[in-house]
Amino acid sequence: MQYLVSVIHDKLDLATPAEMAAIDAFNDRLQTEGYWVFAGGLASPNAATVIDGRGEEALFTDGPFVETKEYLAGFWIMEAPDLDVALKLAADGSKACNRRVEVRPFLVV
Amino acid sequence: MVASLTRRFGDLDIAEEAAAEAFATALQRWPADGVPPSPGAWLTTTANRKAIDRLRRENKRDDKHKEARILYDDDPPESLGAIEDDRLRLIFTCCHPALTMEARVALTLRMVGGLTVPQIARAFLVQEYTMGKRITRAKAKIKAARIPYRVPSAQDLPARVSGVLAVLFLVFNEGYLATGPDTDPVRHELTAEAIRLTRLVRAFLPEDGEVAGLLALMLLIEARRTVRVSASGELVTLDEQDRGAWDAALIAEGHRLVRERLAAGVVPGRYEILAAINAVHTSGRDARDTDWSQVVALYDQLASLDPSPIIALNRAVAVAEIHGPEVALAIVDRLEEKLAGYHAYHATRADMLRRLGRSQESCAAYDHAIELAGNTAETAHLTRRRGQLLRLGNAASGAPEADAGGSTTSTHREKLI
């Protein structure tokens, strides 16, 4: 079962060197223990472009699709046997990056 | 049965519906074919078949996997211990911290306690529709997020227990003062179930003060169960109960647990305090021996932990015994905004107004209480009290009734939270 762990942030500052080091250590642990699928930090929402390609010609709009105080600063995708394991990993991830996170399961089809 | 089906099929919906279908089939067949020699086993087998049928019909991607598990599940017939383990697992799943507190309580009552959605809705003063949705949403989250079906590890257990205790107490309360016009006023199966499950949790966590406190509380209330409702189906208040008919063994066990917690010298939690209050109520040979100042002191301690208006209401009942109904009524009246929809608020007011000789206001408050009360024995009791008031009013044109020392509300304090 895969879970998306979204990092929630409300300022435009990047991770500090200490936070980066903690995130690296956490990522190493995810890989060693077999929970790692993918992870990444995202550039600020100011760098986002919204595209609507449903019409004849694609429409490009500058900025994120919705203006909110809080935004997605990064994410992990983890492979975990159940929510208990995912919640524990997410708690450690939250500690490592020093930000709140949200756990959301991928849809099982 | 739902618990063991959940373990086997890993899905609350399938387990619940299979159990319901099995009961429906039994209702159809047993009157015509006769009750099978082993009704429990018949129901379990039928429910298993229904669940398998359902899984086949649903044609999910993981059907084959599930079917394989079912076909090769050659566990020996379930022992009582295995069934208890299933229940414990189901409780921890239903009380998972990723669910809202409301959802945990509702789900446990539905899945473990077997209550209907209307009964649960009543117990929490919400609409049936809202409660139904809450349960459906919680079940969907368990499934989608894969909330595990197991007892948490020893390391996580203490943190998960408080939610479980809250749920068990609510199950107990629903048994103790069952709701619904067609329900028995006391549903012993629910109080017994709550006690059994609390003992089960205590076996896991013998050092936990709140687990011991909750068990003591339940035992001290359960001990009075048989004399709480009269032969005519009316509630008998604490002061009017035949104390000799209380279950002495349960009282002794409850008192022993309370003493054990006092001796531990740890700051008590809400259940320990509630248990201590009930220990005071069950200590005297006569209701008149009750140490009300100690009861008020314990409620003060409880209010500092939990500023709930219901605790304030129950405290007021004890205050009335020391400082009189006028002082207590002033406290109660301040709770109107928060408790106007709660029958015990009106019943308490009615009793205090009656004792103050304000018959007309008392009568109106009884009307409100009767309208809101869901328990048949309570309704009968309230109706008789109001009737006495009316007769008295007719005979003496509203002359104050002497306080017989009886307090209508003395039993309402049991239905906390």
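The values are calculated or read from the model by the stated rules, or taken from the named source; none is laboratory data. Note that the structure is predicted; figures quoted are calculated from it, not measured. Methodologically, a virtual Cβ is constructed for each residue, glycine included, from the backbone with ideal geometry; neighbour enumeration extends over all protein chains shown. What goes into the accessible areas is simple: the full protein's heavy atoms, side chains included, and nothing from ligands, DNA or RNA. Shrake-Rupley method; radii C 1.70, N 1.55, O 1.52, S 1.80 Å.
A few points about this structure:
- For the protein assembly as shown, the 222 nm mean residue ellipticity estimated from helices alone, with every DSSP H stretch of n ≥ 4 adding -39500 (n - 2.57) and the total spread over all residues, rounds to -19500 deg cm²/dmol.
- Förster radius 51 Å - calculated FRET efficiency between B:Glu326 and A:Ile8, Cβ distance, rounded to 0.05: 0.40
- Net charge contributed by nearby residues that have their C-beta within less than 12 Å of A:Asp10 (K/R +1, D/E -1): +2
- Shape class of the range B:186-290 from the alpha-carbon gyration tensor: oblate, with a/c at 1.5 or above and b/c at least as large as a/b.
- Low-density loop cleavage sites - trypsin sites (Lys or Arg not before Pro) in the range B:231-296, where at most 10 other Cβ are within 10 Å (DSSP): B:Arg285
- Taking all protein chains together, A:Tyr71, B:Tyr129, B:Tyr299 sort by accessible area into B:Tyr129, A:Tyr71, B:Tyr299, largest first [probe 1.4 Å].
- What you get for the range B:126-239, charging only the Cβ of Lys and Arg (+1) and of Asp and Glu (-1), is a dipole of about 760 debye around the Cα centre.
- Accessible area buried between chains A and B, both sides summed, probe 1.4 Å, in Å² to nearest 100: 900 Å²
- Linear extension gain, A:Val50 paired with A:Leu107, 0.36 nm per residue minus alpha-carbon span: 18.1 nm
- Per residue, the protein assembly as shown exposes an accessible area of 50 Å² to a 1.4 Å probe, with every protein chain left in place.
- Listed pairs A:Lys88/B:Lys141; A:Lys11/A:Lys95; B:Lys50/B:Lys139; A:Lys11/B:Lys141; A:Lys69/B:Lys133 exceeding 24 Å between Cα atoms: A:Lys11/B:Lys141; A:Lys69/B:Lys133
- Charge dipole of the protein assembly as shown (Cα centre as origin; +1 on each Lys and Arg Cβ, -1 on each Asp and Glu Cβ, all else neutral): 620 debye, rounded to the nearest 20.
- To the nearest 10, the accessible area of B:Glu102 is 100 Å² with a 1.4 Å probe.
- Protein accessible area in the protein assembly as shown, 1.4 Å probe - carbon and sulfur %: 55 percent
- FRET efficiency, 1/(1 + (r/R0)^6) with R0 35 Å, evaluated for A:Leu59 and A:Lys88 via beta carbons: 0.25
- Of the trypsin sites (Lys or Arg not before Pro) in the range A:1-74, those whose Cβ has at most 13 other Cβ within 10 Å and which sit in DSSP loop: A:Lys11, A:Arg54, A:Lys69
- Between B:Glu260 and B:Tyr129, the contour length at 0.36 nm per residue exceeds the Cα-Cα span by 42.8 nm.
- Among B:Ile91, B:Ala140, B:Gly233 - extreme Cα towards positive end, dipole of the protein assembly as shown, charges at beta-carbon: B:Gly233
- B:Arg391-B:Met101 FRET efficiency (beta carbon distance; Förster radius 51 Å; 0.05 resolution): 0.65
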